[in-house]
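Input: a single structure, listed below in C-alpha cells.
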Amino acid sequence: MSIRVRFAPSPTGQVHIGNIRAAIFNWLFARHHGGEFLLRIEDTDRERSTAEAVQGVLDALAWLGLNYDAPPVYQTAQLPRHQEAVEQLLRAGHAYRGSKGDEGGEVTFFRMPGTDITFEDSVKGTMSKKAEDLKDFVIVRSNGTPVFHLANVVDDVTMGITHVIRGDDHVENTFRHIALFRALGVPVPAYAHLPMIVNAQGKPYSKRDGAAFVGDFRAKGFLPEALFNFLALLGWSPGGDKEIMTRREMIDLFEFKQVKSSPAQMDMRKFEWMNGEYIRLLPEEDFRRQFRQALESAGALPSGTDELYFNRVATLMHSRTRSFPESPALVAFFFREDFAWDEKVVKKRLHKPGAAALLAAMRERFSGLDCFTADPLEKALHALAADKGVEIGEIIHPVRVAVSGLGVGPGLFEMLEVLGRDRVLSRLATALALHGGNESGA
RNA sequence: GCGCCCAUCGUCUAUCGGUUAGGACACCAGGUUUUCAUCCUGGUAAGCCGGGUUCGACUCCCGGUGGGCGUGCCA
C-alpha cells in the first residue's frame, strides 16, 4: 500500500512554527517514500475559522515549497460522510444518544470498547492506556455538528491516510481515534507524534517568545529554505555532521527512527547563522531583490536611488548579511546624509589624539586623486601612513567612522569607491568640523 | 488531583553497556599582511538526583525531582 499523509490545520489564526514543522515532517516522510502529501483544512469550528486564515495556510505552504498532491479537502464539505459514519456507529451500537451536563439537548456519544488500547508510535514507542482511563466521549453536539474526533477520523478514512504525523499534544486523542477506526471497521493508520517546540522556560513557544508564526519569519525576510532546514533539524537528526542540507538530502535521509521524543527549543542565533548560510548561496539578483525589500520596508531606501549604485551596495553586503532585518541599520549611510553615528566608535576613533590631523591630511590626498577607485585609494592611504610613520589602522578607522558612522562594514576601499568622491570628501569635512576639536586624552 | 510523556555542553544534537562523551550554533583566543563578516586553527562547556542490575553504566530497571501534554458539546 502506498503511503499517504496529511497536514490538517484548523484555520483559526496564523500558522505556528510547531504546526508547520509537523507539515514539514509529513512532507519529508511522504517524499522519502514516494507517497502522497495531502492538505485538509479543518474548518469545522465555524466560530473561529476565517478565510484569511485559510489563505494564510496556503501561503505558508507555498512559501516553504510544501506542495501537496491533491486539491485541499475542506472538512466542512465532508459533513455528509460524517453523518453517515455516525449512523453506522449508532446502528452497530458503538454510539448512543444521551444528554450531558446542563446544556440540555441530546448529544451522541461514542462508546469506548472497554478494553485497554495500545499502539506503536514511530517516535514515542509503545503507548498504552487502560480501559478505565478511556471514557465515552461526545462525537456529535446537541446542535447536530460533528466533533473534531469524529470528523478527523472519518476524513482520514475517506482520504486513505496511512500515517498520522502530528504534534505531541494529540497523543491522548489517539486512543479515542483508534477506537473509532476499529468501530468503523477500517484499518488503523500508523502514528508518529512530534515533540513540541518550546521556549527558554520550557513552555510552548509562543508569540511572546519572538517570531512564532511562519508569517513572522517571512515578514522579517528570513529565507524559506533556511526555515525549512532549521525546523527539519529541530527534533530530527540524520546523524553525521552535515547540517546545511538540500531538500533532496533531507528527503533521502528522513526517518522517524531518528526523531527525538523530547521537546526542542528554538535558538534564534543558530537560525540566523543558518539563514546567513543560505543568503550566501543566493544568486546575486535574488539577494538584491530581498535586500531592497528589507531596506524599503524599513524606510531606509530613498525613492529615486540610482539602480546601479544600489546594486553595488548590495554586492558589497551579500557576503556579510546574516539576516535581512539587520540590514537597514548597517547600510543606511549609503543612502542618506543624516545617518546615525555610533557614539562609542566616534569617541574611540575620532576623538583620539592625532586622528583629526590624519583625517584632514587624508582628505587632502583623496581629493587630489584622479581616479576614485579602491586601488588608488588604498595606495594613497598606505602612502600617507608611511609618510606620517603611523600604522594604517590609525587612518583606516577614523576614515571609516567619518564616512559611515559605524565601526563595522565592508572593506574600506571598496566602500569608499562605491560611496564616491563627493560623498566621501564632504563627509570627511563634516566629521572634521564636528569632531576635529574634540581630541581628548593628550 | 488523575493519566500519559520527556530529561547529554547555554541551545540543537551524536552515543544505542566498555569512547579522552563527538559535532553544530553561541562564546573566548590566535591567524587570514585594514575594521566587521566570511574562512582557518585552537579553547571553555554536558550525562537532574538517589538507588539498583552488571566485571563495567549517559546508555537497562525502580524511585524522586523538574518540565510538558491531556483530562471540552475547541481543534
For segment A:401-410, indicate whether the set of residues that are closer than 17 Å to residue A:309 by Cα, in the same structural domain as residue A:352 (by TED's automatic domain parsing) and open to solvent by 50 Å² or more (accessible area, probe 1.4 Å) is non-empty.
no
Going through segment A:1-50 one residue at a time, which ones are away from RNA strand B (no atom under 15 Å from the Cβ), at pLDDT below 95 and of a type in the set (S, T, N, Q)?
A:2
Residue A:191 vs (1) at pLDDT 95 or above; (2) open to solvent by 10 Å² or more (accessible area, probe 1.4 Å); (3) within 21 Å of residue A:17 (Cα to Cα): all pass except (2)
Within segment A:91-119, can you find the residues that are in contact with a Ser or Thr (Cβ under 9 Å, 6 or more places away or on another chain), more than 12 Å from RNA strand B (Cβ to nearest atom) and open to solvent by 30 Å² or more (accessible area, probe 1.4 Å)?
A:96
State which residue is farthest from RNA strand B (Cβ to nearest atom) when the search covers only segment A:321-332 and only residues that are closer than 19 Å to residue A:227 by Cα and open to solvent by 20 Å² or more (accessible area, probe 1.4 Å).
A:325
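Out of all the residues in segment A:123-143, which are closer than 17 Å to residue A:107 by Cβ and near RNA strand B (Cβ under 7 Å from one of its atoms)?
The initial filter retains those residues of segment A:123-143 that are closer than 17 Å to residue A:107 by Cβ, namely A:135-143.
Residues satisfying the conditions are A:137, A:138, A:141, A:142, A:143.
I'd like the full set of residues that are among the aliphatic types (A, V, I, L, M) and assigned to a loop (DSSP other than H, G, I, E, B), limited to segment A:307-347. First the steps, then the outcome.
We begin by selecting, within segment A:307-347, every residue among the aliphatic types (A, V, I, L, M); these are A:308, A:313-314, A:316-317, A:329-332, A:340, A:345-346.
The answer is A:340, and nothing else.
Looking for whichever is within 23 Å of residue A:192 (Cα to Cα), in contact with a helix residue (DSSP H, G or I) (Cβ under 9 Å, 6 or more places away or on another chain) and in a strand (DSSP E or B) here; the options are A:31, A:40, A:97, A:21. Which one fits?
Just one listed residue meets the conditions, A:40.
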Unmet criterion (only one of (1) loosely packed, with under 14 Cβ neighbours inside 10 Å; (2) modelled with pLDDT under 90; (3) over 45 Å from the mean Cα position of the chain (by Cα)) for residue A:375:
(3)
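Could you list all residues from segment A:144-158 that are within 13 Å of RNA strand B (Cβ to nearest atom) and open to solvent by 30 Å² or more (accessible area, probe 1.4 Å)? Reasoning before the result, please.
Of all residues in segment A:144-158, those within 13 Å of RNA strand B (Cβ to nearest atom) come to A:144-156.
A:144, A:145, A:148 - these are the residues of segment A:144-158 that are within 13 Å of RNA strand B (Cβ to nearest atom) and open to solvent by 30 Å² or more (accessible area, probe 1.4 Å).
Enumerate the helices (runs of 4 or more DSSP H) found wholly within segment A:369-442, keeping only those where 3 or more residues are more than 9 Å from RNA strand B (Cβ to nearest atom) and without any contact (Cβ under 8 Å) to a residue 40 or more places away in the chain.
A:374-388, A:421-435
The values are calculated or read from the model by the stated rules, or taken from the named source; none is laboratory data. Remember, it's a predicted structure, so these values are computed and weren't measured experimentally. With ideal geometry, Cβ positions are generated from the backbone for all residues, glycine too; neighbour counts draw on all protein chains shown. Side chains are part of the model used for accessible areas, which takes the heavy atoms of the whole protein and leaves out ligands, DNA and RNA. Shrake-Rupley method; radii C 1.70, N 1.55, O 1.52, S 1.80 Å.
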